[in-house]
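Undergrad: Here it is, the structure in full.
Here, each number is a calculation from the coordinates, and none is a lab measurement. Worth saying up front: this structure is predicted, and the values here are computed from it rather than measured. In this analysis, Cβ positions are derived from the backbone assuming ideal geometry, glycine residues included, and neighbour counts consider all displayed protein chains.
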Amino acid sequence: MEIRVFRTDAEIGKTAADIICGCVREKPSCVLGLATGASPLPTYREMIAEYEAGRVSFKDVRTFNLDEYCDLPRDHKNSYYSFMVENLFSKTDIDMANVGFLDGNAPEKEESERYAAAIKAAGGIDIQILGIGRNGHIAFNEPSDEFTDEAWKVKLSDSTIEANSIYFDDIPMPRYAMTMGIGSIMRAGKIILIATGASKAQAVKDMIKGEVTPHCPASVLQRHADALILLDEAAAALL
Ligand code: PGA
């Protein structure tokens, strides 16, 4: 793991976006694993700025998102699909035909197999962006007794429901989600995990300094050959 600490979210976003845009310039059809939530937003803003300045084109990039809620229509404003359209896809030249997304309303086994096959057919993920949950989850892989492999349907933990409920104002937050598994994440060529704020400090410490255990799913990244951890000072406070 390479760990870097920054003063501002903007610096983190610039660092992550520079790496991603560099990859896209070198390999225009590269495969990006994308995350939702607050953590990647400054990165997406920088990617949009690079696109608007004419310094990068995403038209041949293929993308796979980490997760999607179950029991929520894809076009609901709180779906992760809508999040990505609003915060990245609609503001760049990403071709929607090249966008891969889990369907939270499809049967679990078939959907997991479909997603694994689609990622494989694309040649695997070159760069995977990740956030981390306050409980150490990555994507929606909540703390549990074993590491998962391919995409699966997860019952969200109380901690996740508490953290994400703030985004749901008209309907109750879904209790289940489809998420890429730990194995699918670990097969990415490079991982960039972003964590900011004091609420992430304990999870960041457990990820980096704790034992590798599915009770802190992010700790598995200690075993990844190319994992870059971008933190602000508050998230790094317990290191
Ligand atoms: P956040 O979520 O980026 O909104 O903090 C991260 C996560 O729960 O994985």
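Undergrad: For region 133-217, state which trypsin sites (Lys or Arg not before Pro) are in a DSSP loop and have at most 14 other beta carbons lying within 10 Å of their beta carbon. Can you show the working numbers first?
TA: On the way: sites: R134, K153, K155, R175, R187, K190, K200, K205, K209; in loops: R134, R175, R187.
Hits after loop and neighbour filter: R175.
Undergrad: I've got another one for you. Whole-Hz Karplus ³J(HN,Hα) for region 60-66, in order, using 6.51 cos²θ - 1.76 cosθ + 1.60 and θ = phi - 60°, x for Gly and Pro?
TA: Values per residue, Gly and Pro as x: 9, 5, 9, 10, 9, 8, 6 Hz.
Undergrad: Considering Cα pairs under 8 angstrom that are at least six residues apart, work out the relative contact order of region 1-131 and quote it in whole percent. Mind dumping the intermediate values first?
TA: On the way: 186 pairs, mean separation 40.0, N = 131.
Reported as a whole number, the value is 31 percent.
Undergrad: Arrange the following residues from fewest to most other Cβ atoms within 10 Å of their Cβ: S112, S199. All intermediate terms of the calculation are to be shown ahead of the outcome.
TA: Numbers: S112 23, S199 13.
Fewest-to-most Cβ neighbours within 10 Å comes out as S199, S112.
Undergrad: Comparing A17, A53, A151, which has the greatest mean-square fluctuation in the GNM of the chain with Cα pairs linked when under 10 Å apart?
TA: Largest GNM mean-square fluctuation: A53.
Undergrad: Per-residue HN-Hα couplings for region 75-82, Karplus 6.51 cos²θ - 1.76 cosθ + 1.60 at θ = phi - 60°, whole Hz, x for Gly and Pro?
TA: 8, 5, 4, 9, 5, 5, 4, 4
Undergrad: Under 5 Å between amide H atoms, partner at least 5 residues away or on a different chain: which partners does H215 have, H built in plane at 1.01 Å?
TA: Residues meeting the criterion, in which the H sits 1.01 Å from N, are S144.
Undergrad: Give me the extension gain from S165 to A49: residue separation times 0.36 nm, minus the current Cα-Cα distance, reported in nm with one decimal.
TA: Working: separation 116, 0.36 × 116 = 41.76 nm, distance 2.99 nm.
The span from S165 to A49 would gain 38.8 nm if fully extended.
Undergrad: So what is the 222 nm mean residue ellipticity for the chain from helices alone, if each DSSP H run of at least 4 adds -39500 (n - 2.57) and you divide by all residues, rounding to the nearest 500 deg cm²/dmol? Could the numbers behind the result be given before it?
TA: Details: 7 runs with 73 residues, N = 239.
Using -39500 (n - 2.57) per qualifying helix, the result is -9000 deg cm²/dmol.
Undergrad: How high is the relative contact order of the chain, in percent, counting Cα pairs under 8 Å that sit 6 or more residues apart? List each step's numbers first, then the result.
TA: On the way: 505 pairs, mean separation 58.8, N = 239.
Rounded, it is 25 percent for the chain.
Undergrad: Testing the spin-label approximation: label points 7 Å from Cα along Cα→Cβ at A198 and V5. State their distance in nm.
TA: Output for this residue pair reads 1.6 nm.
Undergrad: Semi-axes, largest first, in whole Å: what does sqrt of 5 times each Cα gyration tensor eigenvalue give for the chain?
TA: 23, 22, 18
Undergrad: While we're here: Each residue of region 154-171 in order: what ³J(HN,Hα) in whole Hz does its phi give by Karplus 6.51 cos²θ - 1.76 cosθ + 1.60, θ = phi - 60°, with x for Gly and Pro?
TA: 10, 7, 5, 7, 4, 4, 5, 5, 5, 5, 9, 4, 4, 7, 9, 10, 10, 9
Undergrad: Still on this structure: Loop-only check: which GluC sites (Glu not before Pro) in region 133-175 are DSSP coil with at most 13 other Cβ within 10 angstrom?
TA: For GluC sites (Glu not before Pro) across region 133-175 that sit outside H, G, I, E and B with at most 13 neighbouring Cβ atoms in 10 Å, the list reads E146.
Undergrad: List every residue whose amide H lies under 5 Å from the amide H of I192, counting only residues 5 or more places away in sequence or on a different chain, with H placed 1.01 Å from N in the peptide plane.
TA: Q128, I129, L130, L228
Undergrad: Continuing with the same structure: Any chance you could run the full-extension gain for D145 through T213? It's 0.36 nm times the residue separation minus the Cα-Cα distance, nm to one decimal. Intermediate values should be presented prior to the final figure.
TA: Values: separation 68, 0.36 × 68 = 24.48 nm, distance 0.82 nm.
Between D145 and T213, full extension yields 23.7 nm more.
Undergrad: Take a quick pass over the chain and tell me how many lysine pairs come in under 15 angstrom between Cα atoms, counting only ones 8 or more apart or on separate chains.
TA: Working: K27/K59; K27/K190; K59/K91; K109/K153; K200/K209.
So the count of such lysine pairs works out to 5.
Undergrad: Separate question: Under a 5 Å amide H to amide H cut-off, with H placed in plane at 1.01 Å, what residues pair with A139 once short-range neighbours are removed?
TA: Correct list: G131.
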